[in-house]
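Accompanying notes for the structure given below.
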Amino acid sequence: MAETHRNSLPESPADTPGGAPEETPDQAHQRRLAVFRSAKRTLAEHTVDHTLAERLTALLADGAEVYDLDEFADIYGNGAVTELERRTAEELGFPAAVFFPTGTMAQQVALRCWAARTGSPTVALHPLAHPEVHERQAFGQLSGLRTVHPTDEPRLPNAEEVLAFEEPFGTLMLELPLRDAGYVLPTWDELVAVVEAARERDAVVHFDGARIWETTAHFGRPLREIAGLADSVYVSFYKTLGGLSGAVLVGSESLIAEARTWRHRYGGQLFQQFPAALAGLLGLRKELPELPSYVAHAKVVAAAVKEGLAEAGVPWFRVHPEPPHTHQFQVWLPYDTEVLNAASLRQAEESGVCLFRRWFPSPSGPAGLAVTEVTVNAPGLAWSAEDVRAAVAQFVRLLP
């Protein structure tokens, strides 16, 4: 590799002799993935870092642990898909479950079913909840639902806010954890109280539990007890459990029967989904039991990141929340995203250490402030606090 100044941007094809064409966004993405994949040390393994051959080989090698691979493939939701539904309902303590190709569809269906049952199309949720930020107004555009916000504080609403909210609503939706606020969770007593407040207002409670798997350490409760507070829960398999795709909605027998009808109407009754179902079953078997250890070590990593940034003399930074509520947390720095992304890529490329990955502009702060999400899973358990501080010092030396 050509030697460059540590504060300059990484060399791109457009900078090379001969005037090679500039990278397309997809080419740049593939180059970043290749660099992060080749790093010898990383805090987390991400499913996007694996090739098609690797993912398929792993499914074939390990799938027999969770399902008979000599069985015929699923057809419109039977077979391995049915087994994933059964296992998920069992883990969460609900009588029934239905598989969806996406969480967006699962929650669309759940909340329109609740709207019909409660007689109210109004859903109370946080303005940073996934449907408000990442789904292009799908609730209103497709299901005729209307959303209201009991609070805009960077945390879930509390019981007092729910009780005092001036408008009626039929469903209270709680995202556990609230990802865009920093993977934050209430205390157990706060969660119980806000659910009780919703009941007092004759509303049902739905959990956006895409990452509910990782909340048990924070709440000090088993999954069944956490999920059991709600009337319905949606869970994801690729966000925390290393799956390929797919989501499951759990609830009562009658709710799930109705949800199956709407799944068909929304185009979610796919012909075959066995790769996603097998990957989900493997996630339940292999990753779910390990999550408490990831959460515990994320606290060590977050503290060391804070210490490392302070020791390196960074004038302002934030590690949020302190300590992390799950195995994921945010780091904020006062630099442009281009500078931080360049430093992250160069650190992985030149030293084989992948500390941070993608940085994004602050969603609410001033220009020049960026945030990244740090995940700690199996590879990160090998990092000591000293390792983290050393990696932070190395990263800061790459900044202007």
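The values are calculated or read from the model by the stated rules, or taken from the named source; none is laboratory data. The model shown is predicted, which means the values in this text are computed figures rather than measured ones. Note that we place each Cβ from the backbone using ideal geometry, even for glycine, and neighbour counts take in every protein chain shown. What goes into the accessible areas is simple: the full protein's heavy atoms, side chains included, and nothing from ligands, DNA or RNA. Shrake-Rupley method; radii C 1.70, N 1.55, O 1.52, S 1.80 Å.
Please enumerate the residues belonging to segment 186-204 that are closer than 17 Å to residue 220 by Cβ, among the aliphatic types (A, V, I, L, M) and open to solvent by 20 Å² or more (accessible area, probe 1.4 Å). If the condition is that a residue be closer than 17 Å to residue 220 by Cβ, among the aliphatic types (A, V, I, L, M) and open to solvent by 20 Å² or more (accessible area, probe 1.4 Å), then 192, 193 are the ones that fit. For residue 210, the test of being over 24 Å from residue 302 (Cβ atoms), crowded, with 16+ Cβ neighbours inside 10 Å, of a type in the set (Gly, Ala, Ser) and under 23 Å from the mean Cα position of the chain (by Cα) is failed. Among the residues making up segment 89-142, those that are open to solvent by 30 Å² or more (accessible area, probe 1.4 Å), in contact with a Lys or Arg (Cβ under 8 Å, 6 or more places away or on another chain) and among the small types (Gly, Ala, Ser) are 93, 140. Which of the residues that make up segment 264-288 are surrounded by fewer than 17 Cβ atoms within 10 Å (Cβ to Cβ) and of a type in the set (Phe, Trp, Tyr)? Within segment 264-288, 271 is the sole residue that qualifies. Of the strands (runs of 3 or more DSSP E) lying entirely inside segment 108-179, none contains at least 1 residues that are of a type outside the set (S, T, N, Q) and at pLDDT below 95. Taken over segment 37-49, the criterion of being open to solvent by 40 Å² or more (accessible area, probe 1.4 Å) and either free of Cβ contacts under 8 Å to residues at least 40 places away in the same chain or part of a helix (DSSP H, G or I) (or both) is satisfied by 37, 38, 47, 48.
Table: residues versus (1) modelled with pLDDT of 95 or more; (2) surrounded by 14 or more Cβ atoms within 10 Å (Cβ to Cβ); (3) in a strand (DSSP E or B).
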residue: 32; (1), (2), (3): no, yes, no
residue: 35; (1), (2), (3): no, yes, no
residue: 76; (1), (2), (3): yes, no, no
residue: 84; (1), (2), (3): yes, yes, no
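Selection of strands (runs of 3 or more DSSP E) fully inside segment 289-400 by the criterion of at least 3 residues being crowded, with 17+ Cβ neighbours inside 10 Å and among the hydrophobic types (A, V, I, L, M, F, W, C) returns 328-333, 370-375. Residue 54 meets each of the listed conditions (1) acidic (Asp, Glu); (2) within 29 Å of residue 32 (Cβ to Cβ); (3) in contact (Cβ under 8 Å) with a residue 12 or more places away in the chain apart from (3). Residue check: residue 305 meets all listed conditions (1) of a type outside the set (Gly, Ala, Ser); (2) closer than 23 Å to residue 36 by Cα; (3) in contact with a Leu (Cβ under 7 Å, 6 or more places away or on another chain) but one, namely (3). Restricting attention to segment 220-242, the residues being in contact with a Ser or Thr (Cβ under 9 Å, 6 or more places away or on another chain), open to solvent by 10 Å² or more (accessible area, probe 1.4 Å) and either of a type in the set (A, V, I, L, M, F, W, C) or on the phi > 0 side of the Ramachandran plot (or both) number 2.
With respect to (1) touching a residue at least 24 places away in the same chain (Cβ under 8 Å); (2) open to solvent by 20 Å² or more (accessible area, probe 1.4 Å), the lone exception for residue 254 is condition (1).
Is it the case that some residue within segment 390-400 is without any contact (Cβ under 8 Å) to a residue 40 or more places away in the chain and out of contact with any strand residue (DSSP E or B) (no Cβ under 9 Å at 6 or more places or on another chain)? No - not one qualifying residue is present in segment 390-400. Counting the residues of segment 50-74 that are over 30 Å from residue 264 (Cα atoms) and assigned to a helix (DSSP H, G or I) gives 7.
The number of residues in segment 270-299 that are touching a residue at least 60 places away in the same chain (Cβ under 8 Å) and in contact with a Pro (Cβ under 9 Å, 6 or more places away or on another chain) comes to 5. No other residue among 319, 353 is in contact with a helix residue (DSSP H, G or I) (Cβ under 7 Å, 6 or more places away or on another chain), among the aliphatic types (A, V, I, L, M) and without any contact (Cβ under 8 Å) to a residue 24 or more places away in the chain apart from 319.
Filtering segment 194-236 down to residues that are aromatic (Phe, Trp, Tyr) and in a helix (DSSP H, G or I), which residue is farthest from residue 255 (Cα to Cα)?
The extreme case among them is 219.
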